[in-house]
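Note sheet for the following structure.
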Amino acid sequence: MDTSTLLSTGLEPARVRFAPSPTGRMHIGSARTALYDYLLARRTGGQFILRIEDTDTKRTVPGAEQELMDGLRWLGLEYDEGPDVGGACGPYRQSERRELYHEQVTILQEKGAAYPCFCAPDRLERVRRERQKQKLNTGYDGLCRSIDPDEARRRIADGERHIIRFKTPRQGSTTAVDVLRGPITVPNSQIDDYVLIKSDGLPTYHCGAMVDDHLMAITHVIRGSEWLSTFPLHALIVRAFGWEEPVWIHLSVFLKPSGKGKMSKRDTSVALDSGYSIYVSDLRDFGYVPEGVLNWIVLMGWGVSEGDVMTLDQMVDRFDIANLSPAPAAINFSKLDHFSGTHIRALRTEDLAARIKPYFTSAGLTVDDARLLRIVPLIRERLVTLDDCLPFAAWFFKETVEPEPEELIGKNLTAAQSADVARKAYEILAGLPAITLTTAEPPMRHLISDLGLNANQVFGILRAAVTGQTVSPPLFESMEIVGKEKVLERVSRAIIILEKM
RNA sequence: GCCCCCAUCGUCUAGUGGACCAGGACGCAGCCCUUUCAAGGCUAAAGCUGGAGUUCGAAUCUCCAUGGGGGCACCA
């Protein structure tokens, strides 16, 4: 089947939908599906649609839908149609499309491809156990298939509780084509008479998704491989309606970092303990940049031969569904760090400044924008996540710093020797018209050789004195920003501390 | 138990019968740079799950085995 390649190379605009159920937090698996949806839509000049599949009223959790929308927007995956933006095929919440499903399923019943079932849950349970004992497939036994349509109508009119089932062909087999795997054939005996409409009147996924994909003119269905087993059923339903099938693409699953099995609750908490998470909002809170997260997840299940650092637009240019991988992928968090840091380094100074500013203000610091702009180039290549800006630069916005006395002592020196070094450095710095990298470094280098010490020892003392910490951005550039007055003040304070030791 | 899917360095992957003594990236190791921490540069180690076939020729096609994954709900 070459249609997939054809369609994905931009000849025809694709209408693609991301259809999550609002039952929990948005994780990277969903994000990656949405990303691929988005890429295919943009690549072909089509539309990317958000549809909320909230037909399980018991499992729907408040706030989940909002988290989904926030997550998509944070990642930069703007959708063209959706619950909060509208569109020509709305409503975009399945719970608001009840009548539509009933209309369609009625048509299916008239075609003889669906039927009402009055069996109570406890009978279903009994049947299931019985068939299991006989080593048969644990499906519905089809009892209600034989009910006369008129009698069924009467019972429904009497208000009898019922559901609608799909009448799966008993004989033969069904073949459906997945872009990544080719034709998949399953004997029809393996496909149950699945429920289409539940007794609460809402459709199951099998019904809701198929009806909506058709009504919304979806051309490509990208979803998780957990749907592979019911894939032939879905093809059967679409065909029973007489509709054209979309192009089907089943993505691989994400495995835990070890590659042995999928992420469990335990794996999730282990990740959390190391500062990682599979949840999109956590990643945002941890200071990862969306560009990095996107680059990270896009490469799990898709590959490029070279040049794997990409922006969203660059992904759009290169994306092709035919290159997706059907094999499961193990999550690799250290790669997330790599892509996050790489994209942070690529940000323009103003952009990065705007992104890290909130971290300082949240820490209770008052941020001077002009100063922040000068700090950014100094810390840019040191950040893996945005919140790393705090340990590197928070001290810039503090009136005073509090170095640990021991840290003021130079390597292999005594406190007294260190005080002496600090005094000499003070004199040199005090004699300068202004402290900058170009004015301060040469004389300080001279001091080092005059004293017969090394740069590490002398700069270490000054670093602790001026920044209050042992790890910091480059010393002289930092001093330049802090200003001569404050540098001298801090060095003299360090001298006093050292003399008291 | 039944059905379905998958299989290239530790991990993500490129590879679509000859251009592959298998390319890139992360990580790891070493070296260089260096003012701490980074970043950057260079170098190295590391792989086609196994077995049968098809073919002049297989990582690439077929079959089997093994391993892994998914599913068997009035959940999605």
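The values are calculated or read from the model by the stated rules, or taken from the named source; none is laboratory data. For clarity, every value in this text was computed on a predicted model and none was experimentally measured. When we count neighbours, we look across all protein chains shown, and the Cβ atoms used for this are built from the backbone with ideal geometry, even at glycine. The protein model used for the area step is the full one, side chains on, heavy atoms only, and it has no ligands, DNA or RNA in it. Shrake-Rupley method; radii C 1.70, N 1.55, O 1.52, S 1.80 Å.
I'm trying to understand the selection: among the residues of the stretch A:123-135, which are under 41 Å from the mean Cα position of the chain (by Cα) and either more than 24 Å from A:Asp148 (Cβ to Cβ) or aromatic (Phe, Trp, Tyr) (or both)? Quick ask: steps written out before the conclusion?
Our first condition is that a residue be under 41 Å from the mean Cα position of the chain (by Cα); within the stretch A:123-135, this holds for A:124-125, A:128-129, A:132.
Passing the criteria: A:Glu125, A:Arg128, A:Arg129, A:Gln132.
Which residue, of A:Asp122, A:Asp148, A:Asp84, is more than 14 Å from RNA strand B (Cβ to nearest atom) and more than 30 Å from A:Met310 (Cβ to Cβ)? Quick ask: steps written out before the conclusion?
Working: A:Asp122 fails: more than 14 Å from RNA strand B (Cβ to nearest atom); A:Asp84 fails: more than 30 Å from A:Met310 (Cβ to Cβ).
The unique qualifying residue is A:Asp148.
What pairs come up if the first residue lies in the stretch A:257-270 and is more than 13 Å from A:Gly29 (Cβ to Cβ), the second is near RNA strand B (Cβ under 7 Å from one of its atoms) and open to solvent by 100 Å² or more (accessible area, probe 1.4 Å), and their beta carbons are under 9 Å apart, counting only those six or more places apart or on different chains?
Filtered contacts from the stretch A:257-270: no entries.
Give the stretch A:271-282 a look and list any residue that's crowded, with 20+ Cβ neighbours inside 10 Å and free of Cβ contacts under 8 Å to residues at least 40 places away in the same chain, or say none.
A:Ser277
For the stretch A:408-433, enumerate the residues that are in contact (Cβ under 8 Å) with a residue 60 or more places away in the chain, more than 22 Å from A:Gly483 (Cα to Cα) and either within 14 Å of RNA strand B (Cβ to nearest atom) or crowded, with 21+ Cβ neighbours inside 10 Å (or both). Working first, answer last.
First, the residues of the stretch A:408-433 that are in contact (Cβ under 8 Å) with a residue 60 or more places away in the chain: A:408-409, A:415-416, A:418-419, A:422-423, A:425-426, A:429.
Among the residues that remain, those that are also more than 22 Å from A:Gly483 (Cα to Cα) are: A:409, A:415-416, A:418.
Matches in the stretch A:408-433: A:Ile409, A:Ser418.
Hey, which of the helices (runs of 4 or more DSSP H) in the stretch A:290-396, taking only ones fully inside, have at least 2 residues that are within 26 Å of A:Tyr36 (Cα to Cα)?
Details: elements: A:290-298, A:312-318, A:333-345, A:349-362, A:369-379, A:389-393.
By residue number, A:290-298, A:312-318, A:333-345.
Residues to consider are A:Ile191, A:Ile184, A:Ile197, A:Ile218; find the one that is β-branched (Val, Ile, Thr) and more than 9 Å from RNA strand B (Cβ to nearest atom). Before the answer, list the steps.
Working: A:Ile191 fails: more than 9 Å from RNA strand B (Cβ to nearest atom); A:Ile184 fails: more than 9 Å from RNA strand B (Cβ to nearest atom); A:Ile197 fails: more than 9 Å from RNA strand B (Cβ to nearest atom).
Checking each option against the conditions leaves just A:Ile218.
Which of the residues that make up the stretch A:244-270 are farther than 30 Å from A:Gly182 by Cβ, of a type in the set (Ser, Thr, Tyr) and buried (at least 16 other Cβ atoms within 10 Å of the Cβ)?
Matches in the stretch A:244-270: A:Thr268 only.
Counting just the residues of the stretch A:284-316 that are away from RNA strand B (no atom under 16 Å from the Cβ) and over 19 Å from A:Ile222 (Cα atoms), which one comes out farthest from the chain's Cα centre (by Cα)? Give the steps one after another, and end with the answer.
Kept after step one, since they are away from RNA strand B (no atom under 16 Å from the Cβ), are these residues of the stretch A:284-316: A:284-286, A:290, A:312-313, A:316.
Next, from what is left, pick out any that are over 19 Å from A:Ile222 (Cα atoms): A:284-286, A:290, A:313.
Details: A:Arg284: 9, A:Asp285: 12, A:Phe286: 13, A:Pro290: 8, A:Asp313: 17 Å.
In this case the residue turns out to be A:Asp313.
Can you pull out the residues in the stretch A:253-276 that are touching a Leu at 6+ places or on another chain (Cβ under 8 Å) and either closer than 18 Å to A:Arg17 by Cα or of a type in the set (Lys, Arg) (or both)? Spell out the reasoning first.
Quick first cut of the stretch A:253-276, residues touching a Leu at 6+ places or on another chain (Cβ under 8 Å) only: A:261-263, A:276.
Passing the criteria: only A:Lys262.
Determine, yes or no, whether A:Leu453 is modelled with pLDDT under 95 and of a type in the set (A, V, I, L, M, F, W, C).
Taking the combined requirement at face value, the residue satisfies it.
For the stretch A:363-383, name all the residues that are within 11 Å of RNA strand B (Cβ to nearest atom), surrounded by 13 or more Cβ atoms within 10 Å (Cβ to Cβ) and of a type in the set (D, E, K, R).
Hits for the stretch A:363-383 are A:Arg380, A:Arg382.
Just checking, does the stretch A:447-459 include any residue being within 24 Å of A:Val367 (Cα to Cα), away from RNA strand B (no atom under 11 Å from the Cβ) and not hydrophobic (A, V, I, L, M, F, W, C)? Working first, answer last.
We begin by selecting, within the stretch A:447-459, every residue within 24 Å of A:Val367 (Cα to Cα); these are none.
For the stretch A:447-459, residues within 24 Å of A:Val367 (Cα to Cα), away from RNA strand B (no atom under 11 Å from the Cβ) and not hydrophobic (A, V, I, L, M, F, W, C): absent.
Given the residues A:Asp337, A:Asp273, which is the only one that is under 21 Å from A:Leu390 (Cα atoms), under 15 Å from the mean Cα position of the chain (by Cα) and of a type in the set (D, E, K, R)?
Details: A:Asp273 fails: under 15 Å from the mean Cα position of the chain (by Cα).
After applying the criteria, what remains is A:Asp337.
Just give me the residues in the stretch A:50-72 being open to solvent by less than 40 Å² (accessible area, probe 1.4 Å), more than 16 Å from A:Ser281 (Cα to Cα) and touching a residue at least 60 places away in the same chain (Cβ under 8 Å), in sequence order.
Restricting attention to the stretch A:50-72, the residues satisfying the condition of being open to solvent by less than 40 Å² (accessible area, probe 1.4 Å) are A:50-55, A:64-65, A:68-69, A:71-72.
Still in the list and also more than 16 Å from A:Ser281 (Cα to Cα): A:50-55.
Within the stretch A:50-72, A:Arg51, A:Glu53, A:Thr55 qualify.
Hey, any hits in the stretch A:329-342 for a residue that's more than 9 Å from RNA strand B (Cβ to nearest atom), out of contact with any Lys or Arg (no Cβ under 6 Å at 6 or more places or on another chain), within 14 Å of A:Leu283 (Cβ to Cβ) and at pLDDT 95 or above? Can you show your working first?
Of the residues in the stretch A:329-342, the ones more than 9 Å from RNA strand B (Cβ to nearest atom) are A:340.
Right, trim to out of contact with any Lys or Arg (no Cβ under 6 Å at 6 or more places or on another chain) and you get A:340.
Those left that are additionally within 14 Å of A:Leu283 (Cβ to Cβ): A:340.
If we keep only those that are at pLDDT 95 or above as well, we get A:340.
Scanning the stretch A:329-342, I find at least one residue that is more than 9 Å from RNA strand B (Cβ to nearest atom), out of contact with any Lys or Arg (no Cβ under 6 Å at 6 or more places or on another chain), within 14 Å of A:Leu283 (Cβ to Cβ) and at pLDDT 95 or above, so the answer is yes.
Answer yes or no: is there a residue in the stretch A:30-46 that is of a type outside the set (Lys, Arg), in a loop (DSSP other than H, G, I, E, B) and within 16 Å of RNA strand B (Cβ to nearest atom). Before the answer, list the steps.
First, the residues of the stretch A:30-46 that are of a type outside the set (Lys, Arg): A:30-31, A:33-41, A:44-46.
Those still in the list that are in a loop (DSSP other than H, G, I, E, B) too: A:45-46.
Next cut, within 16 Å of RNA strand B (Cβ to nearest atom) only: none.
The answer is no; no qualifying residue exists.
Residues checked against (1) basic (Lys, Arg); (2) in contact with a strand residue (DSSP E or B) (Cβ under 8 Å, 6 or more places away or on another chain):
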residue	(1), (2)
A:Lys58	yes, no
A:Ala64	no, no
A:Leu72	no, yes
A:Gly76	no, no
A:Ala88	no, yes
A:Pro116	no, yes
A:Leu124	no, no
A:Gln134	no, no
A:Ile156	no, yes
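Which one is nearest to A:Leu255 (Cα to Cα) among residues in the stretch A:333-362 that are open to solvent by less than 60 Å² (accessible area, probe 1.4 Å) and among the aliphatic types (A, V, I, L, M)?
To start, the set of residues in the stretch A:333-362 that are open to solvent by less than 60 Å² (accessible area, probe 1.4 Å) comprises A:333, A:336-337, A:339-344, A:347, A:349, A:351-353, A:355-356, A:359-360.
From what's left, among the aliphatic types (A, V, I, L, M): A:336, A:344, A:347, A:352-353, A:356.
On the way: A:Leu336: 15, A:Ile344: 27, A:Leu347: 31, A:Leu352: 33, A:Ala353: 36, A:Ile356: 32 Å.
Per the stated criteria, the residue is A:Leu336.
Could you please find all residues in the stretch A:166-181 being small (Gly, Ala, Ser) and either near RNA strand B (Cβ under 9 Å from one of its atoms) or open to solvent by 60 Å² or more (accessible area, probe 1.4 Å) (or both)? Walk me through how you get there before you give the answer.
Going through the stretch A:166-181, the residues small (Gly, Ala, Ser) turn out to be A:172-173, A:176.
Passing the criteria: only A:Ser173.
Residue pairs, Cβ under 8 Å, 6 or more apart or interchain, first in the stretch A:163-178 and at negative phi, second among the hydroxyl-bearing types (Ser, Thr, Tyr) and assigned to a loop (DSSP other than H, G, I, E, B). List them.
Once the first residue is at negative phi and sits in the stretch A:163-178, its partners that are among the hydroxyl-bearing types (Ser, Thr, Tyr) and assigned to a loop (DSSP other than H, G, I, E, B) give A:Ile163/A:Ser199; A:Arg165/A:Tyr140; A:Arg165/A:Tyr194; A:Phe166/A:Tyr194; A:Thr168/A:Tyr194.
Would you check which residues across the stretch A:309-319 are surrounded by fewer than 16 Cβ atoms within 10 Å (Cβ to Cβ) and either among the acidic types (Asp, Glu) or touching a Lys or Arg at 6+ places or on another chain (Cβ under 7 Å) (or both) and list them?
If the condition is that a residue be surrounded by fewer than 16 Cβ atoms within 10 Å (Cβ to Cβ) and either among the acidic types (Asp, Glu) or touching a Lys or Arg at 6+ places or on another chain (Cβ under 7 Å) (or both), then A:Asp313, A:Asp317 are the ones that fit.
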